[in-house]
1. Looking at region 178-194, which of its residues are hydroxyl-bearing (Ser, Thr, Tyr) and surrounded by fewer than 23 Cβ atoms within 10 Å (Cβ to Cβ)?
2. Take region 195-215 and flag every residue that is part of a helix (DSSP H, G or I), touching a residue at least 24 places away in the same chain (Cβ under 8 Å) and surrounded by fewer than 19 Cβ atoms within 10 Å (Cβ to Cβ).
3. The conditions are (1) assigned to a helix (DSSP H, G or I); (2) modelled with pLDDT under 95, and Phe50 fails exactly one of them. Which is it?
4. Does Arg105 satisfy the criteria of being surrounded by fewer than 17 Cβ atoms within 10 Å (Cβ to Cβ), closer than 30 Å to Phe207 by Cα and in contact with a strand residue (DSSP E or B) (Cβ under 7 Å, 6 or more places away or on another chain)?
5. Being under 21 Å from Leu80 (Cβ atoms) and under 13 Å from the mean Cα position of the chain (by Cα) narrows it down to one of Thr156, Thr228, so name that one.
6. Check Gly198 against each of (1) under 23 Å from Met132 (Cα atoms); (2) at pLDDT 95 or above and name the one condition it does not meet.
7. Got a sec? Which of Tyr255, Tyr218 is part of a helix (DSSP H, G or I), at pLDDT below 95 and more than 24 Å from Gln33 (Cα to Cα)?
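The values are calculated or read from the model by the stated rules, or taken from the named source; none is laboratory data. Treat the numbers as computed from the prediction; the structure is a model and nothing was measured. Note that we place each Cβ from the backbone using ideal geometry, even for glycine, and neighbour counts take in every protein chain shown.
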Amino acid sequence: MLRTILRWLLVILFFLAIFVAGVLLFPRVKAQQNLTLSTRTPIRQIDSLFYAQRFADYKKEFGKKKVLLPGFELQTLLALSYYPELRDVEIHFVYQKALIPLSSRPAALTMFRKRDRWVYRIIVSSESLKSMEPILLKNLPFNAQVGILAHELGHTKHYHQYGFWQMLKFAILYAFDGNFRATHERSTDQQVIYHSLGWQLFDYATFVRTDSTTVENYESAKSFLDKTYLMPMDILEVMSQLPNYGSPTPAPAPY
C-alpha cells in the first residue's frame with residue numbers, strides 16, 4: 001500500500017515538475033513596464049474640493065465597468081482619469097482586511113475567459129499589522145492616496161497585456177525572484193510618473209519614509225523598500241527627464 005502511494009506521489013510530482021517547467025520556459029513575460037508618456041500636464045497638489053464638484057462628470061467618464069471603493073471614490077476616479085487605456089477594463093476596488101496595504105491581480109476565475117473579459121481586483125487593506133497601519137490608504141494624505149492608487153493601476157495595465165499562461169509565469173517569477181519583483185515595481189513607479197502623477201507618487205514615497213507615524217516602520221524595512229521602489233529623489237530624477245514636468249523641485253512636504 002505504501003509503495004503504491006509513493007508511486008502515485010512520484011507520478012504527480014513528475015507531472016507537476018513538467019507543468020512548472022513548461023510555464024517557466026514557454027510563455028514570454030517581462031518585469032519591465034512598457035512606459036507610455038502622457039500628454040497631460042502634471043499637477044503638484046491636487047485640489048480635492050475642486051474635483052469633488054466635478055465628481056459626477058468623472059464618474060460618468062471614468063467609472064465605466066468599475067466598482068469604486070466606498071469613501072475613496074474621488075481619489076480612485078482621479079487616478080483612473082490618468083489611465084485612459086483602462087477605460088473599458090473591468091476593475092473592482094475591494095476594501096478588506098489584508099496584510100499588504102494595496103495589491104492588484106486578475107480575478108482568478110475570469111482568467112479562463114478571453115483576455116478582454118478579464119476582471120481585475122485592486123485590494124485595499126482596511127486593517128493590517130499595527131506596524132503597517134500608518135501607511136494604509138485611509139491614513140495617507142489625499143495627494144499620496146491618488147499616487148498609490150495610480151501605482152496599482154500601473155500593475156493592472158501591465159497585466160492586461162498577458163494571457164492565462166503568461167500571467168501564471170509572471171506570478172511565479174514575482175513571488176520567487178526578488179530582482180524580477182524589484183524591476184517590475186520600480187518600473188511601475190516609472191509608469192505612474194510617465195502618466196503625469198509623479199508628484200502624487202513623490203508625496204506617497206516621502207510620506208512613508210519621513211512622517212512621524214511611519215518613519216520607524218520605514219527604518220525597519222529600509223533595505224527592502226529602497227531596493228524595490230523608487231525613492232523620492234529617484235522620482236524627481238525621472239520627472240526631470242520628462243518634458244511635461246519642466247524642472248521639478250520638491251515643495252515643502254505638507255505633513
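1. Correct list: Thr183, Ser187, Tyr194.
2. Step one: list which residues in region 195-215 are part of a helix (DSSP H, G or I), which gives 195-210, 215.
Adding the requirement that they be touching a residue at least 24 places away in the same chain (Cβ under 8 Å) leaves 195-208, 210.
Hit for region 195-215 is Thr210, nothing else.
3. (2) is the only condition that Phe50 fails.
4. In short, yes.
5. Thr156
6. (1) is the only condition that Gly198 fails.
7. Exactly one of Tyr255, Tyr218 is part of a helix (DSSP H, G or I), at pLDDT below 95 and more than 24 Å from Gln33 (Cα to Cα), namely Tyr218.
Conditions tested, residue by residue: (1) exposed (fewer than 12 other Cβ atoms within 10 Å of the Cβ); (2) at pLDDT below 90; (3) among the β-branched types (Val, Ile, Thr).
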{"site": "Tyr58", "(1), (2), (3)": "no, no, no"}
{"site": "Lys65", "(1), (2), (3)": "no, no, no"}
{"site": "Leu78", "(1), (2), (3)": "no, no, no"}
{"site": "Leu86", "(1), (2), (3)": "no, no, no"}
{"site": "Arg117", "(1), (2), (3)": "yes, no, no"}
{"site": "Ile122", "(1), (2), (3)": "no, no, yes"}
{"site": "Leu136", "(1), (2), (3)": "no, no, no"}
